[in-house]
Amino acid sequence: MNVVPAHVAVVGGGRWARVYLDVLDRMLPPEVSLSVHTRRGGDAIALWAAGRPARRVAIEQGAPAPCLGGVAIVANAAHDHGTAVRHLAQAGIPALVEKPLAPSWDESRRLAGLAATARLAPSQVFLFAGYIRNFAARVRRAGAVRSLSVVWSDPAGESRYGEVKRFDATVPVQCDVLPHVVTILELLAPGAVTLVEARGSRDGLLAQMDLRAGDIPCLVRLERQGEARRRLIEAVTDTGTLQLDFAEEPGVIHQGGATDNADQEWATGPRPLSRMLQAFFAFAAGAADERFDMALALRAAGLSDQVTQRLGFAQ
């Protein structure tokens, strides 16, 4: 049975906060109220709310207040996560925190420590993506994995969800994307993901890494302002090479000369963000869910910190 919160507070007023609002508006009954807490994005949120007269939406500059059965989603700028998460933890409000947990390793550890006494869930959306699970299952059936590679590139001025995508220049690409990559690599290969070598630019736009997932070598390239949107995962196994290309979701799987839809239920089933939110509502109500494992978010934060130390970062 699906858990329905009494109220959802969204902290943040940028593009990704509005994506969350769109999904919440579609999946929740009209009686569930929403509040948006932002100091800078109120006009855009007001425009969004005006098109949904059936939904009660409050726009506030202050922090969320405790509400029986209420939950929160932290989707503001990464350097503001700490203030928001600490307030929510102290107020006893269950919170889903967008990636990255925090821009630094030290701050990530401090926030993760709050999960010992508060219902805090890191956003790890690819654990809820059918096309990732299907690809991982195909890889397992193909035999022992010999190597992995990931290419993740975003072009300048890309339009997503009807808006131009703008990255946070204070957060280097490895801090922004490695939470996704580590999640996926841990699904494909046993063992901790560790750094061997890193190359890239000090402006945070490019990071190339030699990693190991247990004993398996992994080559990862992360890029902002690339030539095209690319989301490509390749696994070389005992029996051949498999590729998942999900630049356009749900993507396709290439294997042995055949190309297959990566998720046959994409057109009819809930999307990954909806799946994650529904799981979070149950988690907030007390259910256990290893997909919200804070240790996974910390492993990604630690790896990102190591890469940043190797490359340097000049804002």
Free of Cβ contacts under 8 Å to residues at least 60 places away in the same chain and either small (Gly, Ala, Ser) or not in a helix (DSSP H, G or I) (or both) - does that describe any residue in the stretch 268-281? yes
Does the stretch 43-60 contain any residue that is under 22 Å from the mean Cα position of the chain (by Cα) and either more than 22 Å from VAL4 (Cα to Cα) or not β-branched (Val, Ile, Thr) (or both)? yes
Every listed condition ((1) hydrophobic (A, V, I, L, M, F, W, C); (2) modelled with pLDDT of 90 or more; (3) more than 21 Å from LEU114 (Cα to Cα)) holds for VAL71 save (3)
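Based on what the data block shows, is LEU68 free of Cβ contacts under 8 Å to residues at least 40 places away in the same chain, exposed (fewer than 15 other Cβ atoms within 10 Å of the Cβ) and either of a type outside the set (Phe, Trp, Tyr) or not in a helix (DSSP H, G or I) (or both)?
no
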Return only the number of the condition from (1) outside any helix (DSSP H, G or I); (2) in contact (Cβ under 8 Å) with a residue 40 or more places away in the chain that THR241 does not satisfy. (2)
What number goes with the only condition from (1) modelled with pLDDT under 95; (2) in a strand (DSSP E or B); (3) under 18 Å from the mean Cα position of the chain (by Cα); (4) not aromatic (Phe, Trp, Tyr) that GLN225 does not pass? (3)
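Name every residue in the stretch 1-40 that is assigned to a loop (DSSP other than H, G, I, E, B) and over 17 Å from GLN278 (Cα atoms), in order of residue number. Can you show your working first?
Going through the stretch 1-40, the residues assigned to a loop (DSSP other than H, G, I, E, B) turn out to be 1-6, 12-14, 28-32, 38-40.
Selection gives GLY12, GLY13, GLY14, THR38, ARG39, ARG40.
The values are calculated or read from the model by the stated rules, or taken from the named source; none is laboratory data. Everything numeric in this text was worked out from a predicted model, so none of it was measured. In this analysis, Cβ positions are derived from the backbone assuming ideal geometry, glycine residues included, and neighbour counts consider all displayed protein chains.
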